[in-house]
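The values are calculated or read from the model by the stated rules, or taken from the named source; none is laboratory data. Computed from a predicted model, the values in this text were never measured in an experiment. All Cβ positions, even for glycine, are placed from backbone atoms using ideal geometry, and neighbour counts span all protein chains on display. Areas reflect the complete protein model, heavy atoms only, side chains present, ligands, DNA and RNA absent. Shrake-Rupley method; radii C 1.70, N 1.55, O 1.52, S 1.80 Å.
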Amino acid sequence: MFGLFGKSSGLKQAESNLKAEFGLTLDKTPHNESIVENFERMRKEGQLSPEAQTALLYRLVIMNYLIACKIMRDNGKNTDPSDLFWLTQLSDSSIDWSEKAPDYVVLEALTSQLNMNILRFFESFGIYRGGG
């Protein structure tokens with residue numbers, strides 16, 4: 001549905017940043033269609049800068065991986081928390097991108113529920129992040 005030519009330039013740039021930093025492209029992520037749909041909806045809603053778009057994409061990727069791991073856990077296949085460590089690095093990078101964004105307040109308001117869900121999912125796998 002969202003072929004290469006259907007991607008917004010913001011998504012292309014954010015995905016390029018994801019690949020440069022983590023060697024990951026959306027076609028290698030679980031349920032990438034939902035990432036693209038949520039990215040486009042939230043990007044438009046917040047009229048986000050390129051930096052904020054990168055932070056947003058990273059957060060959506062994290063959430064989809066955590067959801068996939070939870071589904072696997074619910075079906076009896078546990079994921080070792082050490083296998084999820086790279087997601088904490090992705091999260092840290094998302095924070096870095098957010099801090100560079102001129103519209104970081106808009107991004108953080110737009111993603112507040114997503115951010116809380118990511119923290120809850122991390123905690124459900126025994127990964128505790130700072131912040132309170």
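Could you grab me the full set of residues in the stretch 7-26 that are farther than 20 Å from SER93 by Cα and free of Cβ contacts under 8 Å to residues at least 12 places away in the same chain?
Correct list: SER9 only.
For the stretch 7-28, which positions are open to solvent by 40 Å² or more (accessible area, probe 1.4 Å), part of a helix (DSSP H, G or I) and over 16 Å from SER98 (Cα atoms)?
SER9, LYS12, SER16, LYS19, ALA20, PHE22, ASP27, LYS28
Counting just the residues of the stretch 104-128 that are without any contact (Cβ under 8 Å) to a residue 60 or more places away in the chain and part of a loop (DSSP other than H, G, I, E, B), which one comes out most open to solvent (accessible area, probe 1.4 Å)?
TYR128
Please verify whether the stretch 59-74 includes one or more residues that are buried (at least 16 other Cβ atoms within 10 Å of the Cβ), assigned to a loop (DSSP other than H, G, I, E, B) and out of contact with any Pro (no Cβ under 6 Å at 6 or more places or on another chain).
No, every residue in the stretch 59-74 fails to be buried (at least 16 other Cβ atoms within 10 Å of the Cβ), assigned to a loop (DSSP other than H, G, I, E, B) and out of contact with any Pro (no Cβ under 6 Å at 6 or more places or on another chain).
Only one of these conditions is not met by HIS31: (1) open to solvent by less than 80 Å² (accessible area, probe 1.4 Å); (2) within 13 Å of the chain's Cα centre (by Cα); (3) at pLDDT below 95; (4) not hydroxyl-bearing (Ser, Thr, Tyr). Which number is it?
(1)
Look through GLU37, GLU15, GLU45, GLU51 and report the one residue that is of a type in the set (D, E, K, R), at pLDDT below 95 and over 22 Å from PHE125 (Cβ atoms).
Details: GLU37 fails: at pLDDT below 95; GLU15 fails: at pLDDT below 95; GLU51 fails: at pLDDT below 95.
The match here is GLU45.
Regarding TYR104, is this residue closer than 17 Å to ARG129 by Cβ, among the hydroxyl-bearing types (Ser, Thr, Tyr) and modelled with pLDDT of 95 or more? Let's see the steps before the verdict.
Values: closer than 17 Å to ARG129 by Cβ: no; among the hydroxyl-bearing types (Ser, Thr, Tyr): yes; modelled with pLDDT of 95 or more: yes.
Spelling it out, it is not the case that TYR104 is closer than 17 Å to ARG129 by Cβ, among the hydroxyl-bearing types (Ser, Thr, Tyr) and modelled with pLDDT of 95 or more.
How many residues does the stretch 75-103 contain that are over 21 Å from GLY126 (Cα atoms) and open to solvent by less than 20 Å² (accessible area, probe 1.4 Å)?
So the answer is 2.
Of the residues that sit in the stretch 41-53 and are of a type outside the set (A, V, I, L, M) and either outside any helix (DSSP H, G or I) or in contact with a Lys or Arg (Cβ under 9 Å, 6 or more places away or on another chain) (or both), which one is most open to solvent (accessible area, probe 1.4 Å)?
Among residues in the stretch 41-53 that are of a type outside the set (A, V, I, L, M) and either outside any helix (DSSP H, G or I) or in contact with a Lys or Arg (Cβ under 9 Å, 6 or more places away or on another chain) (or both), the one most open to solvent (accessible area, probe 1.4 Å) is GLN47.
Could you list all residues from the stretch 82-103 that are touching a helix residue (DSSP H, G or I) at 6+ places or on another chain (Cβ under 7 Å), not small (Gly, Ala, Ser) and not in a helix (DSSP H, G or I)?
ASP103
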